[in-house]
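Note sheet for the following structure.
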Amino acid sequence: MKLEMFYRCKGWKVSFFGVHVYMVYGEAGSETLRYFEMASKFLPKSIWTPETIVTSFIVEKAEGSYLVDVEGRRFIDLTSQWSTNNVGNVNREILEAAIEGLKQYGFIIYSLNLHKAVFDLVTELLRIRPSNNLTRVALELSGTGAVDAAVKFAVKVKKRPHIISFLGQYHGYYTGTLGYGPESADARRYFENLYGNAAILLPYPDSYRRPEYMNCEEWGKFIIDYIEEWVLKYQAPPDRIAAILFEPIACEAGVWIPPDSFIYGLKKLAGKYGWFLIADEVMTGFGRTGKWFAIQNWNI
């Protein structure tokens with residue numbers, strides 16, 4: 001049976017749903033095989049990513065920074081679940097707050113019925129905001145939803161059709177956000193005609209792909225100069241651009257910290273032309289870089 005051969009290969013290169021991987025955890029038990037057999041029948045094939053397959057275990061429970069599988073084995077969770085678990089899984093303080101919220105409110109949609117917890121959260125978010133220019137809070141269900149809402153807000157308020165964003169960025173897999181910053185060309189396969197030219201896509205100055213004749217600061221400055229000298233002259237004038245969307249640190253692309261010249265250059269352009277500066281802090285916010293928000297490392 002192909003599925004069983006995959007899990008018992010112990011280091012052999014095998015193929016599953018067309019994905020070639022190497023086994024790293026050895027032989028799987030019968031309970032793991034049973035769940036993966038079910039998954040192969042009932043779950044979408046998109047669930048079977050290289051990351052999912054290579055782990056080769058089914059989680060039974062989470063304990064702080066550890067995952068325990070159905071065979072009783074413990075693994076360190078180095079994913080932090082897409083950087084959402086700053087304080088680990090099943091944190092007692094968070095768990096108690098969540099239970100208390102469910103007891104008090106159940107499921108209340110704040111856009112239909114405002115409740116006290118909304119104001120408690122908004123007040124705290126405004127307390128740690130990176131800039132006093134941020135005076136209102138819009139609550140979204142996901143990071144992708146937050147990016148989508150920010151872009152819609154910018155375009156509607158400015159009444160301008162374009163945004164500037166960067167190749168290799170990860171803003172989510174919604175149809176809209178794939179157009180703002182494709183993590184890879186393959187991610188947009190079959191959807192290419194949906195995007196048009198709303199997003200002006202430019203290279204993100206990660207040090208790994210910089211030209212050999214440039215240092216990191218020159219690489220960042222080159223991107224800024226390209227916007228001024230080429231984009232604004234040949235693609236869209238400044239008054240047709242609503243915002244710049246970027247990750248302060250490119251996380252999914254490999255955790256690349258951009259040069260100072262790039263971040264300060266974006267800020268200067270936004271101020272000069274009246275563009276919004278949208279920092280996607282889904283992975284870098286809430287203390288993950290030592291400050292509440294990564295953009296504060298540049299005093300922005």
Problem set entry | Residue list for segment 158-170, filter: under 23 Å from PRO238 (Cβ atoms) and buried (at least 19 other Cβ atoms within 10 Å of the Cβ) | ARG160, HIS162, ILE163, ILE164, SER165, PHE166, GLN169
Exercise. Mind checking which residues of segment 188-204 are under 19 Å from the mean Cα position of the chain (by Cα) and exposed (fewer than 12 other Cβ atoms within 10 Å of the Cβ)?
Worked result: none
Problem set entry | Test result for ALA117, out of contact with any helix residue (DSSP H, G or I) (no Cβ under 8 Å at 6 or more places or on another chain) and within 25 Å of PHE286 (Cα to Cα) | no
Exercise. In segment 220-263, what residues are aliphatic (A, V, I, L, M) and assigned to a loop (DSSP other than H, G, I, E, B)?
Worked result: ALA236, ILE249, ALA253, VAL255, ILE257
For this session: For segment 260-278, enumerate the residues that are surrounded by 21 or more Cβ atoms within 10 Å (Cβ to Cβ) and either touching a Gly at 6+ places or on another chain (Cβ under 9 Å) or over 21 Å from VAL231 (Cα atoms) (or both).
Result: PHE262, ILE263, GLY265
Seminar exercise, completed: The one condition THR135 fails out of (1) surrounded by 12 or more Cβ atoms within 10 Å (Cβ to Cβ); (2) more than 23 Å from ALA250 (Cα to Cα) is (1)
Exercise. If you go through segment 141-164 one residue at a time, how many are over 14 Å from the mean Cα position of the chain (by Cα) and not in a helix (DSSP H, G or I)?
Worked result: 6
Exercise. Does any residue in segment 113-136 that is within 19 Å of ASN297 (Cβ to Cβ) come within less than 6 Å, Cβ to Cβ, of a residue that is among the polar types (S, T, N, Q) six or more places away or on a different chain, and which pairs are these?
Worked result: PRO130/GLN296
Problem set entry | Residue among ILE227, ILE223 that is within 24 Å of the chain's Cα centre (by Cα), of a type outside the set (Gly, Ala, Ser) and closer than 22 Å to LEU269 by Cβ | ILE223
Problem set entry | Flag if TYR195 is more than 22 Å from LYS267 (Cα to Cα) and in contact with a helix residue (DSSP H, G or I) (Cβ under 7 Å, 6 or more places away or on another chain) | yes
Problem set entry | Any hit, segment 235-243, residues being touching a strand residue (DSSP E or B) at 6+ places or on another chain (Cβ under 7 Å), surrounded by 21 or more Cβ atoms within 10 Å (Cβ to Cβ) and among the small types (Gly, Ala, Ser) | yes
Exercise. Out of PHE57, PHE75, PHE36, PHE42, which single residue is among the aromatic types (Phe, Trp, Tyr), surrounded by fewer than 15 Cβ atoms within 10 Å (Cβ to Cβ), closer than 30 Å to GLY254 by Cβ and modelled with pLDDT of 80 or more?
Worked result: PHE75
Seminar exercise, completed: In segment 179-219, anything assigned to a helix (DSSP H, G or I), of a type in the set (Asp, Glu) and more than 30 Å from GLY145 (Cβ to Cβ) is listed as GLU217, GLU218
Exercise. Scanning for something in contact with a strand residue (DSSP E or B) (Cβ under 6 Å, 6 or more places away or on another chain), in the same structural domain as VAL255 (by TED's automatic domain parsing) and charged (D, E, K, R), does segment 141-150 turn up at least one residue?
Worked result: no
Seminar exercise, completed: Checked pairs for segment 239-268, first under 19 Å from PHE286 (Cβ atoms) and touching a residue at least 40 places away in the same chain (Cβ under 8 Å), second hydroxyl-bearing (Ser, Thr, Tyr) and part of a loop (DSSP other than H, G, I, E, B), C-beta under 6 Å and 6 or more apart or across chains, list as PRO248/THR284; ILE249/THR284; ALA250/TYR204; GLU252/TYR170
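The values are calculated or read from the model by the stated rules, or taken from the named source; none is laboratory data. From a predicted model like this one, the values you see are computed outputs, not experimental measurements. Note that each Cβ is placed from the backbone with ideal geometry, even for glycine, and that neighbours are counted across all protein chains shown.
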